[in-house]
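What follows is a short report on a single structure.
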Amino acid sequence: MSRLIAPAVADAPEAAQPLFEQIRKAAGKLPNAYALIGALSPASLKLMLDGDAALAKGTLSRADIEALRVAVSARNGCDYCVAAHSLIGKMAGLKPDELRQLRAGESVEDAKRRALVDFAQDLVASSGTVAAERVQAVLDAGWTSAQIVEAMLAISLISFTNLVNRVNDTPIDFPIPA
């Protein structure tokens with residue numbers, strides 16, 4: 001049950017309405033998390049969408065971004081985002097076993113992706129302080145410094161939605177992964 005008091009979507013601020021339409025057009029629906037954020041802070045929702053657009057223009061693949069989102073959401077205990085990004089990750093090409101591993105905090109088979117996900121897990125667990133060796137391991141796995149920055153943007157954006165959904169206890173409107 002939601003804890004934050006938000007207006008109904010139809011009564012949300014005028015600035016939220018075009019953002020809601022943009023989301024509906026892209027996703028086919030307005031997920032509960034985006035409805036809540038937009039209804040309470042259209043500027044926050046716009047920042048999220050702009051961040052997603054920046055990531056889409058970057059060099060990380062959709063699958064890599066979704067792997068980060070699932071792993072970080074699982075680490076943060078956000079069932080809403082785990083469900084949403086497990087579905088999106090599947091659509092982005094992540095295999096069921098890899099999604100299960102990401103949700104469980106286990107190492108994934110792909111060594112390059114594993115280095116990036118391990119970095120993300122350490123970053124979240126340490127509130128941003130990671131050992132030089134962890135950064136070097138990501139670089140050694142074949143990622144660039146620019147991709148590490150993009151990964152940190154992905155981590156920041158999903159951490160925000162994790163916080164919103166954890167505080168709000170947002171009702172999950174995606175299939176619950178097995």
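What the table below lists for this structure:
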{"item": "Shape category assigned to the chain from the gyration tensor of Cα positions, a/c cut at 1.5", "result": "prolate"}
{"item": "Debye, to nearest 20: dipole size of the stretch 117-178, +1 on Lys, Arg Cβ, -1 on Asp, Glu Cβ", "result": "100"}
{"item": "Heavy-atom SASA rank of Arg69, Arg103, Arg75 (probe 1.4 Å, accessible area, largest first)", "result": "Arg75, Arg103, Arg69"}
{"item": "Förster radius 45 Å - calculated FRET efficiency between Ala56 and Met1, Cβ distance, rounded to 0.05", "result": "0.85"}
{"item": "Label-to-label distance, nm, for residues given as Asp173 and Glu109 (7 Å Cα→Cβ offset)", "result": "3.6"}
{"item": "Dipole-positive endmost among Gln22, Ile5, Val82 within the stretch 1-96 (Cβ charges, Cα centre)", "result": "Val82"}
{"item": "Choice from Val138, Val149, Val117 with maximal GNM fluctuation in the chain (Cα, 10 Å cutoff)", "result": "Val149"}
{"item": "Principal-axis tilt of helix 79-91 within the chain, Cα atoms, nearest 10 degrees", "result": "70"}
{"item": "Residue among Gly105, Gly38, Gly128 with the largest mean-square fluctuation in a Gaussian network model of the chain, springs linking Cα atoms under 10 Å", "result": "Gly128"}
{"item": "Rule-of-thumb Rg ratio for the stretch 1-103 [Cα; 2.2 N^0.38 Å; N residues]", "result": "1.13"}
{"item": "Cα-projected label distance for Ser156 with Ser126, points at 7 Å along beta-carbon direction, nm", "result": "1.9"}
{"item": "Among Ala154, Ala35, Ala111, residue whose mean-square fluctuation peaks in a GNM of the chain (springs only between Cα atoms under 10 Å)", "result": "Ala111"}
{"item": "Helix-only CD estimate at 222 nm, as mean residue ellipticity for the chain, using -39500 (n - 2.57) per DSSP H run (n ≥ 4)", "result": "-21500 deg cm²/dmol"}
{"item": "Residue-wise HN-Hα coupling along the stretch 107-123, computed from phi with Karplus coefficients 6.51, -1.76, 1.60 (Hz; x: Gly, Pro)", "result": "6, 8, 5, 5, 4, 5, 5, 4, 4, 5, 5, 4, 4, 4, 4, 5, 4"}
{"item": "Integer Hz, Karplus 6.51/-1.76/1.60 couplings in order for the stretch 41-49, x for Gly and Pro", "result": "8, x, 5, 5, 5, 4, 4, 4, 5"}
{"item": "Rg/Rh for the stretch 94-178, where both radii come from Cα atoms and Rh is the Kirkwood radius", "result": "1.00"}
{"item": "Sparse-neighbour loop sites [GluC sites (Glu not before Pro); the stretch 59-154; at most 11 other C-beta within 10 Å; DSSP]", "result": "Glu109"}
{"item": "Student exercise, the chain dipole from Lys, Arg, Asp, Glu Cβ charges, in Debye to nearest 20", "result": "220"}
{"item": "Helix 62-76 axis, angle to the chain major axis (alpha carbon atoms, nearest 10°)", "result": "80"}
{"item": "Inter-label distance, nm, simple model (7 Å from Cα along the C-beta direction), Leu47/Val135", "result": "2.4"}
{"item": "In sequence order, calculated HN-Hα J values of the stretch 18-32 (Karplus, 6.51, -1.76, 1.60; Hz; x Gly/Pro)", "result": "x, 5, 4, 5, 4, 5, 4, 5, 7, 9, x, 7, 10, x, 3"}
{"item": "Principal-axis tilt of helix 145-168 within the chain, Cα atoms, nearest 10 degrees", "result": "40"}
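The values are calculated or read from the model by the stated rules, or taken from the named source; none is laboratory data. Being a predicted model, the structure only gives us computed values, none of them experimental. Quick reminder, even Gly has a Cβ in these numbers, built from the backbone with ideal geometry, and neighbours come from all protein chains shown. Just the protein is used for accessible areas: all its heavy atoms, side chains included, with ligands, DNA and RNA removed. Shrake-Rupley method; radii C 1.70, N 1.55, O 1.52, S 1.80 Å.
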